[in-house]
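The values are calculated or read from the model by the stated rules, or taken from the named source; none is laboratory data. Since this is a predicted model, take the numbers as computed values, not measurements. For neighbour counting, all protein chains shown are included, and Cβ atoms are generated from backbone atoms with ideal geometry for every residue, glycine included. Protein only, heavy atoms only, side chains kept; ligands, DNA and RNA dropped before computing areas. Shrake-Rupley method; radii C 1.70, N 1.55, O 1.52, S 1.80 Å.
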Amino acid sequence: MGYKITLIPGDGIGPEITEVVKNCIDATGADIEWDIQEAGECAIEKYGTPIPEKTLKSIEENKVCLKAPLTTPVGSGFRSVNVHIRQYFNLYVCLRPLKFYEGVRSRYSNIDLVVVRENLEDLYAGIEFQHRTKEAEELIDFIKKSTGNTINKSSGISIKPISVENSEKIVRFAFEYARKNKRKKVTAIHKANIMKFTDGLFLDVARQVAKEYCDIEFEDRIVDNMAMQLVQKPELYDVLVCPNLYGDILSDLCAGLVGGLGLSPGANIGEDIAVFEATHGSAPKYKGLNRVNPSALLLAGFMMLDYIGESEKALKLEEAMAEVIKEGRYLTYDFRDPGDTNYVGTKEMGDAIISKIKSKK
Ligand code: NAD
């Protein structure tokens, strides 16, 4: 069966890594019709917006999208196009697998962690009150009246909503993911000792949901302790389920354990729509230089193939990339030590991966 998938080449280095990744996915034999759409800075001149209606409609219809990085334009109405897409389609899960591939420069090896991050709530809800505005002052008065707490009059305020519904959905997703992928343990991350009504709620819900999954071990960790533990003994952890902010920070920490953002893919998943992306940005200084690592977007493509049910082709893609990294001949600059000029370009690394894929047929 063929699939129609929205493909957003994006900004900066986006188009060159997209071309390589599209060719690698096509080489697996996956029957995909790519519906190429614009978003980001490159869309503004033509459509007057970084996220044209046409692009949103394509994602809505096709239900699956592979998206290269987008530059967040300064001074437009959008805080971030990426955040807009997540909120518009209610993509409440951010799934980030962080896996070590042999041959990558890293202080660690054998790491295979998955961060499941709530994607819509918490301090990212975008509900903020600018300092010294009428609204901020009214809120400060209300808090004084209703709780007795005094907030400095010159404070700016960001609201941290965490709901029962979204906490339950994200924790359930983490357990279902663990079960489907034969993972052994889910760890809930929080700061419930301090934020009892938000992180405390998240933890309570996690404990309730965990009771339905007796086949999977459950534990919780306070976020600051978790950051230290991940650096000292990452091998003790498996699937981490987190509210939005802690998930954002810990997933970058875990990316650092496996060789950096160049190897870190992500998926934004809702009830029936999913957007797959590299987690690095558009690296404008490398635009058009055929220099950057295509692996993060390639791994996003691997996740996408798995999501649409093409698991064998997904595995073929991942194995081909892993073999190229292990052999160490056709790798981009970021795999090398500083000063080592023995590297190839984005396209050449992609061509080496395509050769490996073809040799598996
Ligand atoms: P960035 O990730 O684009 O680049 C930071 C540095 O990381 C680069 O200079 C480069 O040294 C390295 N790097 C990034 N990707 C790489 C790759 N594939 N291979 C090798 N090295 C790589 O971060 P930034 O400079 O802070 O952001 C640039 C733009 O990207 C901003 O407009 C930002 O808003 C946007 N951004 C978009 C996304 C997204 O679309 N998901 C994510 C983060 C940032």
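For the structure I just gave you, tell me whether LYS326 is modelled with pLDDT of 95 or more, touching a Gly at 6+ places or on another chain (Cβ under 6 Å) and more than 16 Å from the ligand (Cβ to nearest atom). Before the answer, list the steps.
Details: modelled with pLDDT of 95 or more: yes; touching a Gly at 6+ places or on another chain (Cβ under 6 Å): yes; more than 16 Å from the ligand (Cβ to nearest atom): yes.
Here the answer is yes, as LYS326 does meet what is asked.
What is the residue count in the stretch 18-73 for residues that are more than 14 Å from the ligand (Cβ to nearest atom), within 14 Å of ILE5 (Cα to Cα), part of a loop (DSSP other than H, G, I, E, B) and open to solvent by less than 30 Å² (accessible area, probe 1.4 Å)?
2
Scan (1) at pLDDT 95 or above; (2) out of contact with any His (no Cβ under 8 Å at 6 or more places or on another chain) for the single condition GLN87 breaks and write down its number.
Only one criterion is unmet by GLN87, namely (1).
Kindly indicate the residue of the stretch 304-349 that is of a type in the set (A, V, I, L, M) and not in a helix (DSSP H, G or I) and also nearest to ILE59 (Cα to Cα) among those meeting that condition.
The first filter runs over the stretch 304-349 and keeps only residues of a type in the set (A, V, I, L, M), leaving 304-305, 308, 314-315, 317, 320-322, 324-325, 331, 344, 349.
If we keep only those that are not in a helix (DSSP H, G or I) too, we end up with 308, 331, 344.
Numbers: ILE308: 14, LEU331: 32, VAL344: 34 Å.
Only one residue tops the list, namely ILE308.
When only residues in the stretch 256-268 that are in a helix (DSSP H, G or I) and within 11 Å of the ligand (Cβ to nearest atom) count, which is farthest from THR71 (Cα to Cα)? Working first, answer last.
Keep residues of the stretch 256-268 that are in a helix (DSSP H, G or I), which gives 256-257, 261-263.
Checking which are within 11 Å of the ligand (Cβ to nearest atom) leaves us with 261-263.
Details: LEU261: 16, GLY262: 17, LEU263: 19 Å.
Step by step, filter the stretch 256-268, then rank; the result is LEU263.
Yes/no per residue for (1) surrounded by fewer than 18 Cβ atoms within 10 Å (Cβ to Cβ); (2) out of contact with any Pro (no Cβ under 7 Å at 6 or more places or on another chain); (3) closer than 30 Å to GLY259 by Cβ; (4) without any contact (Cβ under 8 Å) to a residue 24 or more places away in the chain:
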position: ASN110; (1), (2), (3), (4): yes, yes, yes, no
position: LEU113; (1), (2), (3), (4): no, no, yes, no
position: TYR124; (1), (2), (3), (4): no, yes, yes, no
position: GLU128; (1), (2), (3), (4): yes, yes, no, no
position: GLU135; (1), (2), (3), (4): yes, yes, no, yes
position: LEU139; (1), (2), (3), (4): yes, yes, no, yes
position: ILE143; (1), (2), (3), (4): yes, yes, no, yes
position: GLY148; (1), (2), (3), (4): yes, yes, no, yes
position: ILE151; (1), (2), (3), (4): yes, yes, no, yes
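With respect to the numbered conditions (1) more than 19 Å from ARG179 (Cα to Cα); (2) more than 16 Å from the ligand (Cβ to nearest atom); (3) of a type outside the set (Phe, Trp, Tyr); (4) not in a helix (DSSP H, G or I), which one is the sole condition not fulfilled by MET228?
(4)
Check the stretch 288-306 and report whether any residue there is in the same structural domain as VAL81 (by TED's automatic domain parsing), closer than 15 Å to VAL20 by Cβ and charged (D, E, K, R).
Yes, there is a match, as at least one residue in the stretch 288-306 is in the same structural domain as VAL81 (by TED's automatic domain parsing), closer than 15 Å to VAL20 by Cβ and charged (D, E, K, R).
Of the residues that make up the stretch 76-92, is at least one open to solvent by less than 40 Å² (accessible area, probe 1.4 Å) and within 23 Å of GLU319 (Cβ to Cβ)?
Checking the stretch 76-92: not a single residue is open to solvent by less than 40 Å² (accessible area, probe 1.4 Å) and within 23 Å of GLU319 (Cβ to Cβ).
What about GLU271, is it more than 14 Å from the ligand (Cβ to nearest atom), in a helix (DSSP H, G or I), open to solvent by 20 Å² or more (accessible area, probe 1.4 Å) and in the same structural domain as TRP34 (by TED's automatic domain parsing)? Explain how you work it out, then say what you get.
Numbers: more than 14 Å from the ligand (Cβ to nearest atom): yes; in a helix (DSSP H, G or I): no; open to solvent by 20 Å² or more (accessible area, probe 1.4 Å): yes; in the same structural domain as TRP34 (by TED's automatic domain parsing): yes.
No, not satisfied.
As an exercise: evaluate ARG336 against (1) without any contact (Cβ under 8 Å) to a residue 24 or more places away in the chain; (2) within 15 Å of the ligand (Cβ to nearest atom) and give the number of the one condition it does not meet.
Evaluating ARG336 over (1) without any contact (Cβ under 8 Å) to a residue 24 or more places away in the chain; (2) within 15 Å of the ligand (Cβ to nearest atom) leaves (1) as the failure.
From the list ARG207, ARG221, pick out the single residue that is of a type outside the set (A, V, I, L, M), out of contact with any His (no Cβ under 9 Å at 6 or more places or on another chain) and either assigned to a helix (DSSP H, G or I) or surrounded by 12 or more Cβ atoms within 10 Å (Cβ to Cβ) (or both).
Numbers: ARG221 fails: out of contact with any His (no Cβ under 9 Å at 6 or more places or on another chain).
Answer to the check: ARG207.
Please work out which residue is nearest to the ligand (Cβ to nearest atom), limiting yourself to the stretch 274-291 and to residues that are open to solvent by 10 Å² or more (accessible area, probe 1.4 Å) and of a type in the set (A, V, I, L, M).
It comes out as ALA283.
Which residue out of VAL344, VAL292, VAL324 is without any contact (Cβ under 8 Å) to a residue 40 or more places away in the chain and under 29 Å from LEU95 (Cβ atoms)? Lay out the reasoning, then the answer.
Numbers: VAL344 fails: under 29 Å from LEU95 (Cβ atoms); VAL292 fails: without any contact (Cβ under 8 Å) to a residue 40 or more places away in the chain.
Result of the check over VAL344, VAL292, VAL324: VAL324.
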